[in-house]
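Every number in this text was worked out from the coordinates using simple rules, so none of it is lab data. What you are looking at is a predicted structure, and each value in this text was computed from that prediction instead of being measured. When we count neighbours, we look across all protein chains shown, and the Cβ atoms used for this are built from the backbone with ideal geometry, even at glycine.
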Amino acid sequence: MLPVVAIIGRPNVGKSSLLNRIVGRRVSIVDPTPGVTRDRITAELTLDPPIEGPEDALPRTVEFMDTGGYGVYTADGRRIDDAGMDLAALTPHIEEQIRAATEEADVILFTVDAQSGVTALDETIATMLRRSGQASKAMLVVNKVDGPSWEAHAFDAMRLGFGEPHMVSANNGAGLRRLREAIWERVGDAPAKPVPTEMKVAIVGRRNAGKSSFTNALAGEDRVIVSEIAGTTRDAIDVRFEVGGRTFVAIDTAGVRKRKSWADDVEFYSNVRTDQSIRRADVCLLVLDATDKISQVEKHLAMELIEQAKPTLIVLNKWDLMPKKAKVEDFMEYLGQEMPGLDFAPIACVSALTGEGVQDAIAMAFNLFQQAGHRETTGKLNALVQRILTERGPSSKLGTIAKIYYITQIEVFPPTIALVVNKPDLFEGNYERYLLNRMREELPYAEVPIRLRFSARKRRENPGDAQPARRDDSAEQ
């Protein structure tokens, strides 16, 4: 396991901005609304040793963890969300996530704000750390030291009892190198490279379909906040798992809904993160509520998965609420009508609440991962497609006979096959779909997207057609 560095503090001290600055990319959503970060957001980073450290010192890889702001989770005037739910109900869940993060952490970055000064809530957090026995892990970080004039304010934080502060500015990057070096020294020996991950799985779906419950069922703990409040998960959250000796990362994403229903900028960024999560995933789990009809939101997600050519497992959640006589076959025709582009995707029936079927779904995801990464031999592809062409070739109104000169697989994830043919337009449309279906029947990637790339054979230039070289008169002048 990698050493864990948890960032804690009250709302609006800039924890999310600090995490983004430290790791050098946007990991957490940054917004002035208190309570935007609710779950534990994680990111791995390899820290370089101090410049003035030992010559034989090696980099150390750690996992940073951003937590929700302690103590206040709702903006002024926004205690009730757009769905009419009381956001204050999240308070115990968020505090439990913070408690779990501090217990798991090897180092705690207790972050305060130089510009607003030490508050009663900062003192409450300091007391909490001492009473829980976690104070020895804590490093005092004073953020928003945007210039020398704020340094005196930063030193005032020493009265919290955690020693000399590390003064930084997530706004302009000041002090970040020294902070990284100090963390490197605190974490001790750690592996120089991240623990290898076989597969990244994005869990996507509309609000309240049960995505976070699915992740928690995998983890065997409340790793992600699960709540009836719509839109509880605001960020895409990476959670590492090891099942049967195989390692994968599950990316729990924010629930998606129609654009016209977005309540604020935070929801906009949440949807951007969902799109980014789909792009970086190897396999996607499209979680549907088995007790409800497929919505336009889910159809849009399906179109995005098709456009990105992502191996997709359709997860029918809340299967425990279905009548006992219900069968997955009953859903296949309906799903084929509502999401026709995913008619080849396998289906898993699960109950995130009881855990039934969850491990089987992950096994199916690994199977899709293997299919998408398979590379078929050129000889087998040529033999197969020539046989298909002989059995049924594309028709041409002009009587042109379709010919295939060469076939080879050029990529994986998704499997991409290049075909050199005499007339590419003969293979487009209906015949391309027919060819794809036949390939799925014959090749070991039956349940993942396949891309075909048709191109015409390039004619070699006749040497006799070459233009004579121009005379360079300048050489004679």
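Once fully extended, how much extra length lies between Lys299 and Glu356, figured as 0.36 nm per residue of separation less the alpha-carbon to alpha-carbon distance? Could you put the intermediate results ahead of the total?
Working: separation 57, 0.36 × 57 = 20.52 nm, distance 2.59 nm.
Here the answer is 17.9 nm.
Among 370-381, 319-330, 137-148, what's the highest-first ranking by average C-beta atoms within 10 angstrom per residue?
137-148, 370-381, 319-330
Using amide H atoms built in the peptide plane, which far-off residues or other-chain residues are under 5 Å from Ala174 H to H?
Here the answer is Ser169, since their amide H atoms fall under 5 Å of that of Ala174.
Enumerate the calculated ³J(HN,Hα) couplings along the stretch 350-358 in order (Karplus 6.51 cos²θ - 1.76 cosθ + 1.60, θ = phi - 60°), each rounded to whole Hz, writing x wherever the residue is Gly or Pro.
Each residue's phi maps through the Karplus curve to give 9, 10, 5, 5, 9, x, 5, x, 5 Hz.
Specify the inter-centroid distance of the stretch 326-394 and the stretch 417-449, based on alpha-carbon positions, in whole Å.
16 Å
List the lysines whose alpha-carbon lies under 24 Å from that of Lys200, not counting same-chain residues fewer than 8 positions away?
Lys211, Lys299, Lys310, Lys318
Compute the Cα gyration tensor for the stretch 378-456, then decide on rounded, prolate or oblate, letting a ≥ b ≥ c be the square roots of its eigenvalues: rounded whenever a/c is under 1.5, prolate when a/b is larger than b/c in the other cases, and oblate in all that remain. The partial results should precede the final answer.
On the way: a/c = 1.70, a/b = 1.58, b/c = 1.07.
Since a/c reaches 1.5 and a/b is larger than b/c, the shape of the stretch 378-456 is classed as prolate.
Order of Ile125, Ile306 from fewest to most other C-beta atoms within 10 Å? Walk me through the intermediate numbers first.
Working: Ile125 22, Ile306 16.
Listing Ile125, Ile306 from fewest to most nearby Cβ atoms yields Ile306, Ile125.
Taking Cα pairs under 8 Å and at least six residues apart, what relative contact order does the stretch 319-443 come out at, in percent?
Details: 92 pairs, mean separation 22.2, N = 125.
Dividing the mean separation by the residue count of the stretch 319-443 yields 18 percent.
Please give the FRET efficiency for Arg178 paired with Val412, using the beta carbon to beta carbon distance and R0 = 45 Å, rounded to the nearest 0.05. Please report the intermediate quantities before stating the final value.
Working: r = 43 Å, r/R0 = 0.95.
Using R0 = 45 Å, I get an efficiency of 0.55.
What FRET efficiency would be calculated for the residue pair Asp425, Asp343, taking the C-beta separation as r and a Förster radius of 22 Å, to the nearest 0.05? Mind dumping the intermediate values first?
Values: r = 25 Å, r/R0 = 1.16.
The calculated FRET efficiency here is 0.30.
Rank the residues Glu411, Glu442 as a footprinting-exposure proxy: fewest other Cβ atoms within 10 Å of their Cβ go first. Walk me through the numbers on the way to the answer.
Working: Glu411 12, Glu442 15.
Starting with the residue having the fewest Cβ neighbours, the order is Glu411, Glu442.
Is the shape of the stretch 307-429 rounded, prolate or oblate, going by the alpha carbon gyration tensor and its root eigenvalues a ≥ b ≥ c, with a/c under 1.5 for rounded and a/b larger than b/c for prolate?
Values: a/c = 3.48, a/b = 2.08, b/c = 1.67.
Note, shape of the stretch 307-429 comes out prolate.
Among 416-424, 202-210, how do they line up from the highest to the lowest mean number of other beta-carbon atoms within 10 Å? Please report the intermediate quantities before stating the final value.
Values: 416-424: 17.3, 202-210: 24.4.
Taking the mean over residues of other Cβ atoms within 10 Å, the ranking is 202-210, 416-424.
Ranking Trp150, Trp184 by Cβ neighbours within 10 Å, fewest first, what do you get? Kindly include the intermediate steps, with their values, before the conclusion.
On the way: Trp150 16, Trp184 21.
Result, fewest neighbours first: Trp150, Trp184.
Using r as the Cβ-Cβ distance of Arg451 and Val328, and R0 as 25 Å, what FRET efficiency do you calculate, to the nearest 0.05? Let's see the in-between values first.
Numbers: r = 28 Å, r/R0 = 1.11.
About 0.35, to the nearest 0.05.
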